[in-house]
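Single-structure report; data block below.
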Amino acid sequence: MATGMRILAIDPGEKRIGLAISDPSGTIANPLVIIHHISRSVDAAVIAKTAQDQGAELIVVGQALDEENQPTFQSRKANRLATAIRQQTRIPVVLWDETNSTKIAGVARREMGVTRAKRREQRDDLAATVILQTYLDAHHKE
C-alpha cells in the first residue's frame, strides 16, 4: 500500500463507535469522533459520510479475533457493519484485527495520568486510533 492516503478507522462497540483518521501522509493516526450506536444502517451511513467528508480513501473496521485467529461474536458484528458501510460508499472497506486495542488505549491513557472517568469516555476513539496506527505501521513497510 502506498503512503499518502487518508484512512478512517472504526472501533465498533455495543453503544459507541470510535473513529480515527490518519494524517494526509497516511503515517499517524489521530482520534476523530465517537458516534453513538443507533442501528447498523444509520451507523454505516454516518461512517460513510464522515469518511467522505474527511477525504478518506480507505475505511478500516476493527474486528477482534480469538486466540486461534477465528471470528468471535463481536467480529461477526464488525463484519456485518463493514458490509453495511460498503453498501453506503464506494470507498474500499477492509477488516483489521483489533485484538487488545481497547486495553492498549486504556493503558496509554492511564500512563498519561487521565482520570478513570475521562479514560472511559475517550476509550472508543482511542481504540480506533490504536487500530489505525497498527494498520498504518503494518502497511507502511510495504
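The values are calculated or read from the model by the stated rules, or taken from the named source; none is laboratory data. All values reported here derive from a predicted model rather than from experimental measurement. Note that each Cβ is placed from the backbone with ideal geometry, even for glycine, and that neighbours are counted across all protein chains shown.
Residue by residue, here is whether (1) small (Gly, Ala, Ser); (2) within 16 Å of Asn79 (Cα to Cα) holds:
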site: Lys15; (1), (2): no, no
site: Ala20; (1), (2): yes, no
site: Asp23; (1), (2): no, no
site: Gly26; (1), (2): yes, no
site: Asn30; (1), (2): no, no
site: Val33; (1), (2): no, no
site: Ser39; (1), (2): yes, yes
site: Val42; (1), (2): no, yes
site: Ala48; (1), (2): yes, yes
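Restricting Ser39, Ser22 to residues that are surrounded by 22 or more Cβ atoms within 10 Å (Cβ to Cβ), hydroxyl-bearing (Ser, Thr, Tyr) and at pLDDT 90 or above narrows the list to Ser22. Scanning region 1-49 for residues that are closer than 17 Å to Ala84 by Cβ and polar (S, T, N, Q) gives Ser39, Ser41.
Would you say Asp11 is out of contact with any helix residue (DSSP H, G or I) (no Cβ under 8 Å at 6 or more places or on another chain), at pLDDT 90 or above and closer than 16 Å to Tyr135 by Cβ?
Numbers: out of contact with any helix residue (DSSP H, G or I) (no Cβ under 8 Å at 6 or more places or on another chain): no; at pLDDT 90 or above: yes; closer than 16 Å to Tyr135 by Cβ: yes.
No.
Of all residues in region 42-56, none are more than 19 Å from Arg90 (Cβ to Cβ) and at pLDDT below 95.
Condition (residue is in contact with a Phe, Trp or Tyr (Cβ under 7 Å, 6 or more places away or on another chain), crowded, with 17+ Cβ neighbours inside 10 Å, within 18 Å of Thr134 (Cβ to Cβ) and at pLDDT below 95) applied to region 80-102: is it met by at least one residue?
Looking only at region 80-102, we keep the residues that are in contact with a Phe, Trp or Tyr (Cβ under 7 Å, 6 or more places away or on another chain), and these are 96.
Subset that is crowded, with 17+ Cβ neighbours inside 10 Å: 96.
Cutting the leftovers down to within 18 Å of Thr134 (Cβ to Cβ) gives us 96.
Then drop every residue that is not at pLDDT below 95, which leaves 96.
Yes, because at least one residue in region 80-102 is in contact with a Phe, Trp or Tyr (Cβ under 7 Å, 6 or more places away or on another chain), crowded, with 17+ Cβ neighbours inside 10 Å, within 18 Å of Thr134 (Cβ to Cβ) and at pLDDT below 95.
What do you reckon, is Ala108 modelled with pLDDT under 95, in a helix (DSSP H, G or I), surrounded by 13 or more Cβ atoms within 10 Å (Cβ to Cβ) and of a type in the set (A, V, I, L, M)? Taking the combined requirement at face value, the residue satisfies it.
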